[in-house]
Amino acid sequence: MTENGDGARPGNHSPVTIATDGRAPKAPTVDRKMCKEFNNALKLQQAARNAAGDSPYQPRPPNKWKCNKMPEESVRTRRLRSSQESLSDPLGSSTDSLKEVGSTTSEHNVAPPGVFRKRGSSLSECDGSPAAEPRNDCPEVRLRSSRARLSPVKLTSAPLPALRHNFVSTALRAANRIDKDCSDYVARRSVERLLHRNLSESDAGSDCLSVNSMRSTSSVLSPIKPQEVRSRSFLEGGGLGSGALLGVEELKRYFPDRRLGVYVVTWNMQGEKGLPSNLDDLLLPTDSEYAQDFYIIGVQEGCPDRREWETRLQECLGPHYVMLYAASHGVLYLSAFIRRDLIWFCSEVEHATVTTRIISQIKTKGAVAVAFTFFGTSFLFITSHFTSGDAKVYERILDYNKIVEALALPKGLPDTNPYRSTSSDVTTRFDQVFWFGDFNFRLGHERAGVESIIKSTSRDDMDALMEHDQLAKEMKDGSIFKGFQEANIHFLPTYKFDIGSDVYDTSAKQRTPSYTDRILFRTRYADDIHVLKYSSCSSIKTSDHRPVIGIYHVKLKAGRDTIPLGAGQFDRSLYLEGIKRRISRELKMREAMKNQSSVCAIS
């Protein structure tokens, strides 16, 4: 039903459609007053039919339309509404402006005048217009667009339902879940919680900026308060109180079991100019699980270029280690390397030398020693070269006595236990002493007998050879190396080989194979030094001696702040040169591998 192409639009009444049987179908909500009037009209119409004797179910032709009557059948139409009309209608919407599709009307479907408002007129104008028909004269329900209209939302004073605490979707929660296998994340979170707890328990008077900056870090080191920085001194005061740089707290943090790893090497290089192409087998053997904290290397009859030798050592050990100190006496070289994060706990380093030659200008035999204190433990490292000769045992004992009496150490370092020290023996003035070198003690047996024992025994049992060892016999008698110990020997004699081979001396002298290269140790307290390895390096064959290595665990004790610190001193130029060479070597290896992989051979 249309008027001027427009759909029917009642005033404030809601729409409803009437079925052909006279009954109202289900439709959107209608005003109660309208429904009541409409139901009364239906009842009156039904009563009139019943009085006339007509059956309500008998089909009847549709009644003709009257201006004040409601049609029994109508055609639903969809009209096109302009945007202006949509905006003027408070109940309308711009989405209702649909194109007219198949709109048809019956001939008798003529809209009564005054029922519908004109285009562009507002709803209030329609209701208040004098031309509009009274509501009681118009049909109670008028046709309108087939699109259902929603009634406006009415605000209510009732409280809204409470939201759930966890309103995130399951998929989103799963996307943000942290995998339990991420151990690094768990460890980091635990460290952050521990650091936060430590900071929360700190004094309220600490600097806010310092506390806030510490909370954002994941360092395992304990935070330091500004008050401690102001009052803390590492060069004065003493005792083992809290906060001491060399005290118990620092020692436990870096060495919970109070054990320090020491790697000792002794090697008679025979003065050869040519150095091994790679020192990894000497300093970083594959059968060792971990690298050690100290690397002490002593050589006898060293190469002419001492600086080149030290650079090669730095190149092998890499950026994790720095050379703490180096000393020499003629062709005797002693180099001490330490892990770079431990140099702050070392004292100043002192060294001394002794010559055992009658003419002091000849420095081929004698000793060079290096001493320092690490935390509260004093160390002494001595490398020496004694008199050579199979029968010159007495001369070697004299060399030993001269060295222990002439080494003037310590100089400025405090003696950690002066009550157990003697002026006639330098080794009694230190907690841990390592003495290594070419002692030149031989096996007191003919060569044929020694070779037959070597062939008949395994490396695990060298007791048959040690029965003829001159040094073991003199130590047992107490004439040399008093208080020193040596680990059990489970390697072949290290002297004398033909250079570049594993064959013992084939020259005219036919020297007897012997254990001339040794590492001995002494400690003030029982069981402070534990031997992990004592062996020889058979892969380095540039000399007639085989290098000997020893790995030890040394027990540490806390120190006092009165110990003069080295303040992190090390050989910086050597460090940079060694790292430069290491990088160049790696680049050359990569380039060689790249060129090798690009070559393709066709057979």
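The values are calculated or read from the model by the stated rules, or taken from the named source; none is laboratory data. What you are looking at is a predicted structure, and each value in this text was computed from that prediction instead of being measured. FYI the Cβ positions are ideal-geometry reconstructions off the backbone, even for glycines, and counts take in every protein chain you see. Surface accessibility is based on the protein's heavy atoms, side chains included, excluding ligands, DNA and RNA. Shrake-Rupley method; radii C 1.70, N 1.55, O 1.52, S 1.80 Å.
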Residue within segment 429-449 that is open to solvent by 50 Å² or more (accessible area, probe 1.4 Å), under 23 Å from residue 531 (Cβ atoms) and assigned to a loop (DSSP other than H, G, I, E, B) present: no
For segment 301-337, which residues satisfy the criterion of being outside any helix (DSSP H, G or I), touching a residue at least 60 places away in the same chain (Cβ under 8 Å) and within 32 Å of the chain's Cα centre (by Cα)? 322, 323, 324
Single condition residue 350 does not satisfy, out of (1) free of Cβ contacts under 8 Å to residues at least 60 places away in the same chain; (2) of a type outside the set (S, T, N, Q); (3) in contact with a strand residue (DSSP E or B) (Cβ under 7 Å, 6 or more places away or on another chain): (1)
When you go through 501, 507 one by one, which is the residue that is touching a residue at least 24 places away in the same chain (Cβ under 8 Å) and part of a loop (DSSP other than H, G, I, E, B)? 501
Whether any residue in segment 289-300 is part of a helix (DSSP H, G or I), out of contact with any Asp or Glu (no Cβ under 8 Å at 6 or more places or on another chain) and surrounded by fewer than 23 Cβ atoms within 10 Å (Cβ to Cβ) is what I want to check. no
Sole exception among (1) out of contact with any helix residue (DSSP H, G or I) (no Cβ under 8 Å at 6 or more places or on another chain); (2) modelled with pLDDT of 95 or more; (3) of a type in the set (Val, Ile, Thr) for residue 297, by number: (1)
Look through 484, 491 and report the one residue that is under 14 Å from residue 514 (Cα atoms) and among the aromatic types (Phe, Trp, Tyr). 491
Regarding residue 394, is this residue out of contact with any strand residue (DSSP E or B) (no Cβ under 7 Å at 6 or more places or on another chain) and without any contact (Cβ under 8 Å) to a residue 24 or more places away in the chain? yes
Could you say which residue among 384, 388 is touching a strand residue (DSSP E or B) at 6+ places or on another chain (Cβ under 7 Å), among the polar types (S, T, N, Q) and not in a helix (DSSP H, G or I)? 384
Restricting segment 497-552 to residues that are of a type in the set (Lys, Arg) and more than 20 Å from residue 382 (Cβ to Cβ), which is surrounded by the fewest Cβ atoms within 10 Å (Cβ to Cβ)? 509
When you scan segment 454-468, do you find a residue that is modelled with pLDDT of 95 or more and within 22 Å of residue 539 (Cβ to Cβ), even just one? no
